[in-house]
Structure formats: C-alpha cells, structure tokens
Amino acid sequence: MSAMHHASPLGTALLPPPVPSLLAYERAFLPEVPTPTIDTAELIVAPAVTYAQLRACSSLVRRMYAWRGYRLAPNRLQPADPNHVTIGAWLDGELVATATASRDSAAGLLADGLYHDEMLKLRGQSRVICEVTRLAVDLDCHDPELLNSLFLAIYQYVRAVFGGTELVIEVNPRHAGYYRRTMGFRQVGGLRTCPRVNAPAVLLHRTLGNVHY
C-alpha cells in the first residue's frame, strides 16, 4: 500500500470516461479522464459508472461480508437512480474499496428500519440526510489513507451532487471509535442488531457543512 503515499488525498479523484447514464450536472462535477489501468501508480477514487465497475463493487462487498460472517441482503439499487451512487477506489487498476451513498427520498433510508426515531430527529427544515452503506475494503489493503480517501470522495459527491447536509452510517460498535476520532462522527443511535447483516450496529452521524478531513 506504499503507493498511496505518493498520491494526493483523493489520488487525483479521477473518473473513467462519462457514460450516457450520467446526468449533465454530474459530468460537470466529475472530470473526464482515462479509465484506470493496471499501469497507474496512484489511488483513484471515483463513482462506478459502467456495468463492469458496478459488478466489481458488488463482488467486493459480497466477498468481504462473507469473510466477516455477515449476511448480505440483495442489492436492489438501480444504477440509474439519481438518489444513489456507488463509489470505488482503484489502486494500480485493481478495485480495493467501495461504498454506496444514498440521498434521502420518499422511500427513506436503510437506517430508518433500525433507527426510526433517531432518523426523525435528524430530519429537519433545510436538512438533506445522506447515508453510507455497503462499505467494503479489501483484506490486503490496510493503509488508513484508503478509507480516508474513500470517505472524502463520498463527502464531496454528497455535497456537490446530492446537496447533502448530513451523513449517517451504521457501523459495528467495534469500529465506532475510529469513525469518531478520525472522521468527526458522533453516535446518535444505541446498540442494536442489524437484521440486514445479522450483526451488532450503532448509528453514527456528522454534519457536512464544514468538513475538516
């Protein structure tokens, strides 16, 4: 993972060439650059926009969840849904991390199922709640910069494209301290068992109005 230390915080946040499914305002936010290849020597963090990229992200999630013994509910997100984006991190052309960010809508967010009352309190006038789910990092990648870069890309996309003001994530309580110390989250929901993955969870929240990361 030493190659990461030669990249910028986002590894230049490059994106594969835009495809017709991307909306015009999304293309304006994300630069047009060549698709990452095995010859690249830096971390590339960007939305997955092609079928192959989305399939690779889903495969990584399934593999990492299975390794941890988590149950994984079917991914019912539609690639063209404007309220969801899957972001991947490529190192030397290989996918090493991924997460999905979702914007609040009439359908609600996954966290509503376990933390209904807490989510109601977070929602308010002029607030746009977004959620991170399906987070997976390859076992061979241990550099903290990888997760930092992935979340920075999520923050930027959520604010610029979704207009998000708040971010929530359900995490295993063993990892909650890391998110609080390094990413500015605070715990707003107590210990529960998440039925989607059959594992313990707590709900974390942070505002996006003034990100220092």
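Just so it is clear, none of the values below were taken in a lab; they were calculated from the coordinates. Computed from a prediction, not measured in an experiment: that's the story for all the values here.
A few notes on this one:
- Across the range 106-111, coupling constants 3J(HN,Hα) worked out from phi with the 6.51/-1.76/1.60 Karplus curve, θ = phi - 60°, read 4, 6, x, 10, 4, 4 Hz, and Gly and Pro carry x.
- Using C-alpha pairs below 8 Å separated by at least 6 residues, the relative contact order for the range 48-201 is 24 percent.
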